[in-house]
Every structure is written in structure tokens, then in C-alpha cells.
Protein chains: 2
Amino acid sequence: MPASESAAAQFAKGLEGVVAGETSICSIEQGGLYYRGYEIHDLAASATFEDVAYLLLVGQKPSAGELSAFKQELVAERAIPDAVISFLRSVGPALKAGTAVPMDVLRTGVSILGHLDKDCQDNSPRANQAKARRLLAKVPTILGHMQSVIDGRDLVEPGTGGDPRLDHAGNLLYLMTGKKPNAQYARCIDVSLILYAEHEFNASTFTSRVIAGTLADMHGAVCGGISALKGPLHGGANEAAMEMLKEIRVATDAGKDTVESWMQRAFETRRKLMGFGHRVYKNGDHRAPILNRLGRDIAKAQGPDSLRWFQIGDEVEKIMLRDKKIHPNVDFPCGMTYYVMGIPVPQYTPIFVASRVSGWCAHVIEQHANNRLIRPLSIYTGSPPRKWNA
Amino acid sequence: MPASESAAAQFAKGLEGVVAGETSICSIEQGGLYYRGYEIHDLAASATFEDVAYLLLVGQKPSAGELSAFKQELVAERAIPDAVISFLRSVGPALKAGTAVPMDVLRTGVSILGHLDKDCQDNSPRANQAKARRLLAKVPTILGHMQSVIDGRDLVEPGTGGDPRLDHAGNLLYLMTGKKPNAQYARCIDVSLILYAEHEFNASTFTSRVIAGTLADMHGAVCGGISALKGPLHGGANEAAMEMLKEIRVATDAGKDTVESWMQRAFETRRKLMGFGHRVYKNGDHRAPILNRLGRDIAKAQGPDSLRWFQIGDEVEKIMLRDKKIHPNVDFPCGMTYYVMGIPVPQYTPIFVASRVSGWCAHVIEQHANNRLIRPLSIYTGSPPRKWNA
């Protein structure tokens, strides 16, 4: 057997099925998703995002006193530095031109936060915990201010970065819309943040761990996480799924297509359909039905026009399962849910960041606490040895 | 055997020895380092950095005409947008306060370049090649302008970003110092850029590939690469090694210590000594002696004070090999070499970026051309299942 053939047998493309390390933060089983031992349906029903962020960062459910102190810390850290506000004001033309997208602007905003964080170059557990809280508090403010710039609205109380009486999810909605949030919408966002907070060695978290494994700092690791989450094969799928549904609805409303005919054509042209399938889940993503139900409740209350998104979604899901045996992942109902709440599509993945930053930071803390450089090998498939001046 | 024990046996911490994919860009053998089949001593002796960057990005050695066109493209792309210049001017206080370091500022600069790049959201081979050239051309300008801000000097011709008659390495030195570069120094920088350009699945390149594997864009992948390269267990080692040598020299010049006594104390206190050892090379890093010789030649010409750094370095290397059986890696001579040329220490790793961006971009192009999401698994070591309201 030639060397290349034997070598080719030794690796799994995309590290599929390969264990890259240990974690005490999260476990994904075919039977359930657990954050530090708590099952995701239990958390979605009984906890808030602040509970979950504390749980992920500290390792234990907070007591009432710990939760109250944690929430106060977050509120106190919501304001963002003037340098980030100036940057957000300056990026409007690039956002309008479409060269800049919110995920990239968020990455730059977090990168600038690093320059101004007094603990930026300190990887100690104390500094990492403090930086994690600051990042968690400030990301929603960056999103909100960015949306205000896009909408040409005044920034919402840039001094304090939101209404201190509002919890994390409500504050995020308030900052993004400039309006006091509806309680049902705020709880729906809260649950979506719980569902998105953590997911073991997914591509963005793994990116953050590879960065932290060089003993680089938390802000750098989070910038890398944001870069990876943007991709449509990862967090970007919630935006891509909604864009697909909009396309289907235009075609079906015009009577040009049925969902069935649109889907069959997509299969024939080998179009990649976003929001379906998952590297780890084989029988469906535990998070998807939770968000589907919450979003559907909102759509029902709004009326038939909103509900139509979920009806199209149901048909798409049925056909995917029937013809491809593939289940929706959490990004599929997320797209519809955020859409009926009126959130602009390019902010779906940034909202995912506002949640997942808790998981990334927990993994950076875990990586730094018991570090080993993450440095795999590759198989060489290129030119044999040759001479420059041959 | 309990499940956790059996699972623990199945993974290599830090993915040590694990093959994560295929590449035709680079191979590291115990007997030699090859970029697309050309051995590193051959490249260091016969090629320029522009030759090597073209080789990495395109896959073949350029013809005379191709090289000339490539160099013209780079010169034409050296200028950076006003938004990046404004950002660099604004970051002076944070650089002086030490919360911002040049590697982080460079990451933000590249992130802003993404917002303004017309091809940012396009992952096609054409767009990726164009973006790679722009990144390659603009990173030295960001470094140079940043150093001018730090030094309180006028920016060097911000309109064109350097002297168009100067090659990549000479231009980098010119932008950073404001002075016409000495030819020997420029060639030494050129060779260091060749040595640093590419190194298979190192931590920063692997970070770039994980990001690109979600189908995120090249600027995001390079931001992640910069974040990872910063760590002292990776590119940051050239700065850390020089800081260590400065500490040894202060102690030995004061007669307080010999190199031997300083080293023995470092061993006793389990201090991690930077610039030594390598995950892949077992018998020494092929790049280290090349740079050691070039730097030593410059030091010799300067006189005994400069040469003393290399004499201390020789002693440190000898003791490390004798007592720990560990060889220096390329970052060890790099520190001394850049130091005798008068380059500020916090710019050593950013200069590494000015070179490695060629390798990162080549890997992003390769990843996008034959993509599979990079998503490993982890072993769960945390709490058993528990109830939120128990």
C-alpha cells in the first residue's frame, strides 16, 4: 500500500468523531443536552439567561444572593467606551454598502474592548472571570448601538447602555429597538439565549480554545469565536435559514411554486439547505422544538400572516425528514422566531454571540486552568521535493 | 473499566500526534521543512519573501513576469484606508497605558480592513486570492503606522504606504523606522519573513482553518490567526525569549549571576523558558540556525556589545541542551536578531504576522476549496445529571 493511502486511512476529515479534549462544562448526548449536569429543557423552563451564564462561568447554580450580585455586576458593566461608540458611528457607510456585516462589526467592537480592558493581558482566574462579565454585559450594547446606527436612531442611553431595571434579554431588545420590550418577546429571547449559550466543542468554541491554548488572552479568543460563528455552516445558519424561508414564501405566495416543488428543485440542484442536520445529533437537536414552540406562540398571537412562516417551516421540515432523513437544528426555528419578533435578519447571529460568549469564556477559563497547546498534524499531499534553481 | 477511564485513553491532550487534515502547502519532516516541495535552506538562500508568498498562495514558483506583476500588485495595495489610519491614531493612549499591545491593535486593524474590502463576503478562489494580496500588502503598513504613532513620528507617506522602489521587507523596515533601510538589515528581515511564512497545522494556522471551515471569510480567519499567534506558547515566544535574555543580561552584567546560575534557578523554580522546544521537531528546528547566523553577522559588524546577546544565547542554548535535552526553536534567534537591528520588542510578533499571513491565506484558500466543518468531540468530566429546582 502506498504511503499516502495508508496515511489517508488514519484521519477523520473535519475531526469528525475525534475527541479533542475534556470539559466539565457541557455534555451532548443523543438523549439530552446538559450544561454542567442540568438538562436543557429543565433550564429553558426554570432558569434565566443570567442563571445559566453564572452556571457556565462559575460551575454551580447561583444562590439568590449570588445571582443578584451577578446581575448587578452585569448592569454596571453595560456601558461601552467612547472609542467603541465612535467606531460604531463611523462604520455606518460600510454597513450600508454591505461590505461590513454586523458580525464583522461586532468582532471589531470586541477587539477594541480588549485595548481598553485593564485586565486584557492577564489570564489569571480572577481577571478571566472579570473580563467574562464585562464581555457578557457589553456585547448587547454593541449590538443595540449598531442597530441604532443602521436605523439612524439616537443611541439608547449610551451612558448606561440600557434600562437597569431590565434583565439581560429585555435590555438587549430595548437597546436594539429603542422601545420598552413586550414581556413575552423578552422571555422568548431569554430562552433563545439559554439554548444558544453553550454546546461543547463546536467550531467557534473549539476556535476559542485553540487560541487560549497558546496562552493568548480572552478577548482574542472571543474575536476568534465570533469569526468562526459567522460561517453559514455554524451560527450563520440562523440567518441563512430565514433567507431561504423568505425565498420559499415569495415563490409560493406568487403561486409560482409549492413548498414541495421548491424543495425538489433545491434537491436536484444540490443546493445546501441551511438549519438542518448536525455533526453530533443524529436524531434531532434537543433545542429545536423548544424554540419552535415559543416562536409559534408569538406568531399565533400575531395572526395568520406570521403563522404562515411556521406552516412553511413545518412543510420544509417534513420534506427534509421524508426525503433526506435530516432533522432541523436550533437555527431553523430561531430564524422564524426572531423574524416574527421583528429582529433584522443580519442581527440573528450577533444575538447568538450575545449568548455564546458565556460558553466561550467558560471554555477559555477551563483551557487556561489546565492548558496544553492545541497543535495537531497534517498529511502532506503536495509536490515532492524540488530545487528552487533547478 | 469505568466509562470515563476507557474514554480517557482515547484522546491525545492538545491533539498531539493527531492528524487533523491534508495539505499540499507544507511538510515538516525531522530531516527538513518544505514549502510546496522546496526545502527551507534552499528558499532562504535563493528566494525572496515575495517569491515565497506567491509560491504559497498560487502553488508554483513564479516566472519572472509573474513575480514582477505580483510585486506590483503588492505595492499598489500598500496604502490603508483612512478609517484604519484614524483608528491607529486614536489607539495611542491605550498603547501607552499598556492595555493595548501591538498584536491586539493589528487584529483590530485587520478586522476594520474587512469592513472596507469589497470582496469581504466572497469566498470564491478569485476573491480569496485578491484579499490575500491586499492583506499581505497592508499588514506592514499597519505595523509601520502603529510604530509611528507610538514614537510620535509623522506617518510615512500614508497615501502610498511606503517607498514603491523598496521590496516587501525593506518597505516594512522603512515604514517602521521612517529611515531608508540598510541593505543587510532588509535582507535579514526578508529571510526571517521566509522562515516565518508557513508551518503546516500550527496553532494559528489551525485556528484559521477551523474558522474558514464554517465557511466564514478570510479576514475573520486572519483575525483568529493573529489572536492565536499572540500567545507566548506560539508566535509570542520571540518577544518572550528576548525579554528573558534581557533579564539574564541585566543579572550577569551586574555580576549578580552567571548564565549558569540564572538558568539553574529558573529550572528550580520551574520557570517556563521561551523559545525552546517544539511540538513537531524532536532534533531541533531547521529554521533556527539560519536566523542565528544572519543575526550574528549583524551583531559582529556592530561590535562586542551587540555580539554579547548571541554569546549569552549560546550559553543558554548549551545549558538547555545539556540539562533538558531541548533545542531552541526559530523564535529564540529571532528575538536576538530583531533586537540588534533595533526593532522594538512588542513588534516582533506583529512582524511574524506580516509573514505568516501568507500561510494563513494559503490555508484558507485550501480549506474553502475542499471544505468540511472542523468540529471535534470532547469527553465530559463534569457533574452528573441534576435538577434545577431540586
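The values are calculated or read from the model by the stated rules, or taken from the named source; none is laboratory data. The shown structure was predicted, so the numbers you read here are calculated from the model rather than taken from an experiment. Heads up, the Cβs are rebuilt from the backbone with ideal geometry, glycines too, and the neighbour counts pull from every protein chain shown. Heavy atoms of the whole protein, side chains included, go into the accessibility calculation; ligands, DNA and RNA do not. Shrake-Rupley method; radii C 1.70, N 1.55, O 1.52, S 1.80 Å.
Pairing residues of region A:307-335 that are free of Cβ contacts under 8 Å to residues at least 40 places away in the same chain with residues that are open to solvent by less than 60 Å² (accessible area, probe 1.4 Å) and among the charged types (D, E, K, R), at Cβ distances under 7 Å and at least 6 apart in sequence or on separate chains, gives A:F310/A:R296.
Cβ-Cβ distances below 7 Å connect the following pairs, each with a first residue in region A:67-94 that is closer than 19 Å to B:L116 by Cα, a second residue that is open to solvent by 40 Å² or more (accessible area, probe 1.4 Å) and assigned to a loop (DSSP other than H, G, I, E, B), and a separation of six or more residues or different chains: A:I85/A:P158. A single entry from B:I211, B:I226 fulfils the requirement of being under 18 Å from B:P102 (Cα atoms) and open to solvent by less than 10 Å² (accessible area, probe 1.4 Å): B:I226. Among the residues making up region B:223-245, those that are in contact (Cβ under 8 Å) with a residue 40 or more places away in the chain, within 9 Å of chain A (Cβ to nearest Cβ) and either farther than 26 Å from B:D117 by Cβ or of a type in the set (A, V, I, L, M) (or both) are B:I226, B:L229, B:P232, B:G236. The listed residues are A:G21, A:G59, A:G14, and the only one of them that is open to solvent by less than 20 Å² (accessible area, probe 1.4 Å), over 25 Å from B:T207 (Cβ atoms) and at the interface with chain B (Cβ under 10 Å from one of its Cβ atoms) turns out to be A:G59.
Taken over region B:152-174, the criterion of being open to solvent by 20 Å² or more (accessible area, probe 1.4 Å) and either part of a loop (DSSP other than H, G, I, E, B) or free of Cβ contacts under 8 Å to residues at least 12 places away in the same chain (or both) is satisfied by B:G152, B:R153, B:D154, B:L155, B:E157, B:P158, B:G159, B:T160, B:P164, B:R165, B:L166, B:D167.
Is at least one residue of region B:336-349 among the β-branched types (V, I, T), away from chain A (no Cβ under 11 Å), in a helix (DSSP H, G or I) and closer than 28 Å to B:A221 by Cα? Yes, because at least one residue in region B:336-349 is among the β-branched types (V, I, T), away from chain A (no Cβ under 11 Å), in a helix (DSSP H, G or I) and closer than 28 Å to B:A221 by Cα. Considering (1) open to solvent by less than 10 Å² (accessible area, probe 1.4 Å); (2) within 12 Å of chain B (Cβ to nearest Cβ); (3) in contact with a Leu (Cβ under 9 Å, 6 or more places away or on another chain); (4) in a helix (DSSP H, G or I), the lone condition that A:R375 does not fulfil carries the number (4). Suppose the filter is touching a Ser or Thr at 6+ places or on another chain (Cβ under 7 Å) and farther than 21 Å from B:Y185 by Cα; does B:T258 pass it? Yes: the conditions hold for B:T258.
Looking at region A:68-124, the helices (runs of 4 or more DSSP H) lying wholly inside it that each contain 2 or more residues that are at the interface with chain B (Cβ under 7 Å from one of its Cβ atoms) and touching a helix residue (DSSP H, G or I) at 6+ places or on another chain (Cβ under 8 Å) sit at A:82-90, A:102-116. Considering A:L74, A:L106, A:L88, A:L95, the condition of being under 22 Å from A:L143 (Cα atoms), modelled with pLDDT under 95 and not aromatic (F, W, Y) is satisfied by A:L95 alone. Filtering A:A212, A:A216 for residues that are free of Cβ contacts under 8 Å to residues at least 24 places away in the same chain, over 27 Å from A:L294 (Cα atoms) and within 14 Å of chain B (Cβ to nearest Cβ) leaves a single hit, A:A216.
Could you count how many residues in region A:297-306 are free of Cβ contacts under 8 Å to residues at least 24 places away in the same chain and either among the β-branched types (V, I, T) or touching a Pro at 6+ places or on another chain (Cβ under 8 Å) (or both)? Number satisfying all stated conditions: 0.
Looking only at residues in region B:115-133 that are surrounded by fewer than 23 Cβ atoms within 10 Å (Cβ to Cβ) and closer than 16 Å to B:I80 by Cα, the one that is farthest from the chain's Cα centre (by Cα) is B:K118. Exactly one residue among A:A203, A:A221, A:A216, A:A186 is among the aliphatic types (A, V, I, L, M), at pLDDT 95 or above and either closer than 14 Å to A:T141 by Cβ or open to solvent by 10 Å² or more (accessible area, probe 1.4 Å) (or both), and that residue is A:A186.
Only one entry of B:F49, B:F87 meets the criterion of being over 18 Å from the mean Cα position of the chain (by Cα) and aromatic (F, W, Y), and that entry is B:F87. Just to be sure I understand the filter: pairs with C-beta atoms under 8 Å, separated by 6 or more residues or on different chains, first member in region A:110-127 and touching a residue at least 60 places away in the same chain (Cβ under 8 Å), second member in a helix (DSSP H, G or I) and open to solvent by 10 Å² or more (accessible area, probe 1.4 Å). Which pairs pass? So the pair list comes out as A:L113/A:R134; A:L113/A:K138; A:D117/A:R134; A:N123/A:H368; A:P125/A:I365; A:P125/A:H368; A:P125/A:A369.
Against the conditions (1) more than 12 Å from every other protein chain (Cβ to nearest Cβ); (2) among the hydroxyl-bearing types (S, T, Y); (3) within 19 Å of the chain's Cα centre (by Cα), B:S306 satisfies every one except (3).
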